[in-house]
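The values are calculated or read from the model by the stated rules, or taken from the named source; none is laboratory data. The shown structure was predicted, so the numbers you read here are calculated from the model rather than taken from an experiment. Cβ coordinates were reconstructed from backbone atoms using ideal geometry, including for glycine residues, and neighbour counts include every protein chain displayed.
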Amino acid sequence: EAGVTQFPSHSVIEKGQTVTLRCDPISGHDNLYWYRRVMGKEIKFLLHFVKESKQDESGMPNNRFLAERTGGTYSTLKVQPAELEDSGVYFCASSAGWTGGTDTQYFGPGTRLTVL
Amino acid sequence: AQRVTQPEKLLSVFKGAPVELKCNYSYSGSPELFWYVQYSRQRLQLLLRHISRESIKGFTADLNKGETSFHLKKPFAQEEDSAMYYCALLSGGYNKLIFGAGTRLAVHP
């Protein structure tokens with residue numbers, strides 16, 4: 001079974017440009033999450049989709065970030081315009097929901113974003 | 001506030017030595033805790049979760065509610081255990097994970 005995939009693996013852009021990150025969850029997983037780790041900091045939650053609906057977007061840093069999940073399958077995270085402080089690793093995770101008393105999130109390899 | 005603390009950035013041991021990676025949490029209610037591991041050039045992967053009370057790759061972790069801890073232990077470290085280890089708490093009422101800063105384990109031959 002394929003795991004969570006993310007594209008691209010690495011993106012280098014200039015300040016002010018736009019970047020779109022993509023995440024394909026494990027097939028059948030209704031829950032999709034975005035996290036990020038900026039330099040020297042903890043991995044922080046950004047938002048959570050259940051199918052195509054945003055369940056929780058409390059971690060989105062500002063309105064330069066826009067996440068979508070059309071049709072409840074893959075998701076995109078757009079940063080427009082990018083700022084220097086957006087540099088970091090963006091992780092996507094997916095889960096099947098509460099089964100066996102817990103909900104396990106499976107992570108993608110991450111996209112390393114560098115804003116120059 | 002819900003928080004996870006991993007006090008050690010780096011833990012360096014020799015092969016065969018016991019390992020304990022510390023994790024303390026702040027949470028009201030019954031916590032749902034996990035250990036994730038990231039080996040070099042690999043993705044974050046689940047190592048174990050407290051609800052399963054399992055042992056993976058020789059690692060165990062016991063939830064101690066009195067001390068609000070979920071330390072990860074292994075009696076004899078192997079070189080292939082060298083990795084970044086993250087303790088995480090599932091936020092109550094939501095599905096978001098709250099991560100600690102991570103501890104890098106280096107096992108030397």
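A residue that is among the charged types (D, E, K, R) and in a loop (DSSP other than H, G, I, E, B) occurs somewhere in region B:66-75. May I ask you to list the residues in region B:49-64 that are without any contact (Cβ under 8 Å) to a residue 24 or more places away in the chain and on the phi < 0 side of the Ramachandran plot? B:Arg49, B:His50, B:Ile51, B:Ser52, B:Glu54, B:Ser55, B:Ile56, B:Thr60, B:Asp62, B:Asn64 - these are the residues of region B:49-64 that are without any contact (Cβ under 8 Å) to a residue 24 or more places away in the chain and on the phi < 0 side of the Ramachandran plot. In region A:104-116, the residues that are within 14 Å of chain B (Cβ to nearest Cβ) and among the basic types (Lys, Arg) form Cβ pairs under 8 Å with partners that are surrounded by fewer than 22 Cβ atoms within 10 Å (Cβ to Cβ) and assigned to a strand (DSSP E or B), at six or more places apart or across chains, as follows: A:Arg112/A:His10; A:Arg112/A:Ser11; A:Arg112/A:Gly88; A:Arg112/A:Val89.
I'd like to check something: does region B:53-72 contain any residue that is hydroxyl-bearing (Ser, Thr, Tyr) and closer than 23 Å to A:Phe91 by Cβ?
no
Under the condition of being closer than 11 Å to B:Tyr25 by Cα and among the aromatic types (Phe, Trp, Tyr), the residues counted in region B:80-109 number 1. Residues of region B:5-34 that are under 16 Å from the mean Cα position of the chain (by Cα), within 18 Å of B:Thr60 (Cα to Cα) and basic (Lys, Arg): B:Lys22 alone.
How about region A:43-79: which of its residues are assigned to a loop (DSSP other than H, G, I, E, B) and either within 10 Å of the chain's Cα centre (by Cα) or buried (at least 18 other Cβ atoms within 10 Å of the Cβ) (or both)?
Step one: of region A:43-79, the residues assigned to a loop (DSSP other than H, G, I, E, B) are A:51-52, A:57-64, A:69, A:73-74.
Correct list: A:Arg69 only.
Filtering region B:59-109 to residues that are among the hydroxyl-bearing types (Ser, Thr, Tyr), more than 14 Å from chain A (Cβ to nearest Cβ) and either crowded, with 22+ Cβ neighbours inside 10 Å or in contact with a Ser or Thr (Cβ under 9 Å, 6 or more places away or on another chain) (or both) leaves B:Thr68, B:Ser82.
Suppose the filter is touching a residue at least 40 places away in the same chain (Cβ under 8 Å) and at positive phi; does A:Gly88 pass it? The answer is yes for A:Gly88. With respect to the conditions (1) more than 10 Å from chain B (Cβ to nearest Cβ); (2) at pLDDT below 95, A:Arg69 lacks only one, and its number is (2). Only one of the numbered conditions (1) more than 13 Å from the chain's Cα centre (by Cα); (2) in a loop (DSSP other than H, G, I, E, B) is violated by B:Ala101, and that is (1).
Against the test of being closer than 15 Å to A:His10 by Cβ and touching a helix residue (DSSP H, G or I) at 6+ places or on another chain (Cβ under 8 Å), the options A:Val89, A:Val79 yield a single qualifying residue, A:Val79.
How many residues does region A:80-104 contain that are part of a loop (DSSP other than H, G, I, E, B) and more than 17 Å from B:Leu44 (Cβ to Cβ)? Adding up the residues that qualify gives 10.
With the condition kept exactly as written, say whether any residue in region A:24-33 is in contact with a Phe, Trp or Tyr (Cβ under 9 Å, 6 or more places away or on another chain), in a strand (DSSP E or B) and more than 25 Å from B:Cys87 (Cβ to Cβ). Yes, region A:24-33 contains at least one residue that is in contact with a Phe, Trp or Tyr (Cβ under 9 Å, 6 or more places away or on another chain), in a strand (DSSP E or B) and more than 25 Å from B:Cys87 (Cβ to Cβ).
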